[in-house]
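Please treat every number below as a calculation from the coordinates, not as lab data. As the structure is a prediction and not an experimental result, all values here were calculated from the model. Neighbour counts are summed over all protein chains in view; Cβ atoms, including those assigned to glycine, are modelled from backbone coordinates with ideal geometry.
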Amino acid sequence: MKPRPCGCKGARTCLICETQYGANDFKPLIELDKSKGYVYCPFCNLAWPGWDGELYKEHPNHTGQPIKYAGIYIKLDFISEDEENELMKNIDEMPWDISQSGRRKQNFGPKTNFKKRKIVAGKFNGFPQFSKYLQKRFDSIDLLKGYHVIEQCSLEYDPVKGASIDPHIDDCWVWGERILTLNCLTDTVLTMIPFKGDTKRYNLSCAEEYPPIIKEDGSLNLQLQKCSQSMLEVCRPKSQLDVIVRIPMIRRSLALMYGEPRYHWEHCILREDILARRVCIAYREFTPLYLSNGQHQCIGDKILSKAEQFWDHRCISEQEL
């Protein structure tokens, strides 16, 4: 099916194409058993029974029996309110592109073909200068040592459009272990669902070819020393939990996903969890395949050199983006 004027195509839909273009019949139903819900608390790093994404605010007076959910780190107040206001002003001065499922985006990164596993720099020429301090601030977090951004993508979720994103795992052939999201304007929830599908999907099988960056004990493997087990095996769940974990994506916080949630759980943003305009900035790093001594280090070095550049968004035309 061809893309619709709203940007959706195939089974992806938004409120606009559902009501105006007859796409409601294409929308797949995501039926989740809310009785299996657990809400992650960034204060005690445990997930507690419940569904409401604001349950973490009850800390330390949680109720019920918690479960451990490793692989999530949330840095509250990563930016200040004044920084958020200035950041959003600059972001909205740049053109937005329509995307699927009611979203808009501003993407800065190399051109990728996930099916053919091909990547080229394309028009990628670095990032907006106004966002440079955010990347520098990553160094203040131990788990982000050695994090080299190769893609920065601003995503807008508008409740008027019924914005959402379907359950998925970020590609594992080119995007590395540590997935970062800076949340702006409003709170929402990231819903985590155990993935039991084929490793051919999402290029998960590629994670059998490289080691973890974050070890089980929380230390970093920045030299990418080979382990006895691959990335995919190291973080494989020791027990299969029949639960849904809800991660609060708190305004002005930075959320890091790695390890088990990164490779063995799908994540999504449900339409019902977008109550006001939300803008997030998603960051990606390379897999070891594109880093020192990796199979594709040559192209990796070229793209990383471009990622070191920053430019004034007020001096760039839409044709150059």
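Below is a table of values for the structure above.
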read-out	value
Simple label model, 7 Å out from Cα along Cβ direction - Asp170 to Arg201, nm	1.9
Cα gyration tensor category, rounded, prolate or oblate, for the chain with a/c compared to 1.5	rounded
Extended-chain gain in nm, criterion 0.36 nm per residue less alpha-carbon gap, Trp51 and Ser305	87.1 nm
Arg314 paired with His148, simple spin-label distance in nm, labels 7 Å along Cα-to-beta-carbon	3.2
Given 15 as the ceiling on other Cβ atoms within 10 Å, longest exposed-site-free region of the chain for GluC sites (Glu not before Pro) in DSSP loops	94-215
Residues Ser239, Ser80, sorted so that the one with the fewest Cβ neighbours within 10 Å comes first	Ser239, Ser80
Computed FRET value (nearest 0.05) for Ser292 with Asn24, which takes r as the C-beta separation and R₀ as 35 Å	0.10
Helix-only CD estimate at 222 nm, as mean residue ellipticity for the chain, using -39500 (n - 2.57) per DSSP H run (n ≥ 4)	-3500 deg cm²/dmol
Cβ-based exposure ranking for Cys268, Cys184, in which fewest neighbours within 10 Å come first	Cys268, Cys184
Antiparallel bridge percentage (DSSP; both residues within the chain; nearest 5)	90
Entries of Lys111/Lys161; Lys75/Lys200; Lys105/Lys161 with Cα pairs more than 21 Å apart	Lys111/Lys161; Lys75/Lys200
Extension reserve of the Asp139-Leu241 stretch, reckoned as 0.36 nm per residue once the Cα distance is removed	33.4 nm
Cα-based reach from Lys226 at 18 Å (exclusive), listing aspartates and glutamates while leaving out same-chain residues under 8 positions away	Glu177, Glu208, Glu209, Glu216, Asp217
Label-zone membership for the stretch 1-37, site Asp97, 7 angstrom Cα→C-beta point, backbone N under 14 Å	7-8
Exposure proxy ranking, count of Cβ atoms within 10 Å, fewest first, for Trp96, Trp265	Trp96, Trp265
